[in-house]
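The values are calculated or read from the model by the stated rules, or taken from the named source; none is laboratory data. Note that this is a predicted model, so its numbers are computed, not measured. Virtual Cβ from ideal backbone geometry, glycine too; neighbours counted across all protein chains shown. Areas reflect the complete protein model, heavy atoms only, side chains present, ligands, DNA and RNA absent. Shrake-Rupley method; radii C 1.70, N 1.55, O 1.52, S 1.80 Å.
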Amino acid sequence: METKGTFGSPFHTPRCLAAAAAPAGKSKLTHPGKAILAGGIAGGIEICITFPTEYVKTQLQLDEKANPPKYRGIGDCVKQTVQSHGVKGLYRGLSSLLYGSIPKSAVRFGVFEFLSNQARDESGRLDSTRGLLCGLGAGVMEAMLVVCPMETIKVKFIHDQTSANPKYRGFYQGVREIVRAQGLRGTYQGLTATVLKQGSNQAIRFYVMTSLKNWYKGDDPNKSINPVVTGAFGAIAGAASVFGNTPLDVIKTRMQGLEAHKYKSTLDCAVKILRHEGLAAFYKGTVPRLGRVCLDVAIVFIIYEEVVKVLNRVWKTE
């Protein structure tokens with residue numbers, strides 16, 4: 001005997017309706033290959049836009065309180081740099097950061113999508129806690145493969161400009177000089193601090209982004225998000241990461257500077273900063289970092305999401 005559903009059709013039973021609705025309600029996964037490509041493109045564009053704020057942040061963090069400080073604030077740092085080296089002085093060290101930003105973002109988003117694809121539930125939804133753990137994994141991986149050597153070289157280049165007789169004349173010559181004098185180990189100063197910083201950074205950012213995206217999409221996991229909304233969510237995630245781990249960023253910068261030899265370890269660096277400069281020193285450079293990071297994360301997530309949309313149309317992986 002045929003069982004009819006609500007509309008008098010044998011195909012409209014509750015079970016059939018649920019089966020038909022399941023595919024539409026499942027979130028689409030992003031292929032890690034697409035994430036790597038989109039992340040690399042996003043990282044390259046973003047760093048060209050935001051580098052001057054990174055330069056100012058690093059200079060202020062390296063400007064220790066003794067003898068007296070060279071800069072009176074953000075504006076003074078910009079003024080002195082432009083007067084001494086021209087506007088291009090604000091881009092000193094860009095090449096080393098640009099060469100690293102593309103693979104850094106590629107690794108970050110590629111690893112995050114790979115991990116999150118394994119962590120999603122049956123409907124394809126990623127909860128906030130798992131988003132945090134996937135972000136942590138992505139941050140640790142990018143720190144070890146890309147960020148630590150890239151950041152060490154960048155900090156040395158920027159710090160070198162403040163010396164009476166700068167010795168680094170360009171990216172390749174500078175890297176050769178660092179490796180010649182200190183070996184490959186010279187590009188891995190502050191590894192522990194970098195892993196802690198990047199791991200916590202991405203854990204916080206992806207936790208916030210996952211939470212906000214889940215809230216915005218509600219019961220529709222495939223609901224499209226406007227780029228402006230994505231940017232706003234990214235800025236919030238960036239701000240949260242700044243307030244959450246700026247002390248680690250300060251320690252990392254000190255461990256990678258030209259005077260890193262003063263510190264025996266990451267812990268020793270933290271203790272000496274606290275003892276000689278006080279608790280406020282851990283938040284030195286917060287304002288320029290806040291502006292840069294909010295813009296940075298907003299731009300990266302907007303470009304990443306939009307590039308993925310384009311790739312989904314031209315690169316079929318399902």
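If the condition is being open to solvent by 10 Å² or more (accessible area, probe 1.4 Å) and closer than 13 Å to ARG205 by Cβ, then segment 282-298 contributes CYS294, ASP296, ALA298. All of LYS223, LYS197, LYS264 fail the test of being closer than 25 Å to VAL140 by Cβ, outside any helix (DSSP H, G or I) and out of contact with any strand residue (DSSP E or B) (no Cβ under 6 Å at 6 or more places or on another chain), apart from LYS264. Among the residues of segment 27-43, none qualifies, meaning not one is polar (S, T, N, Q), surrounded by fewer than 21 Cβ atoms within 10 Å (Cβ to Cβ) and without any contact (Cβ under 8 Å) to a residue 40 or more places away in the chain.
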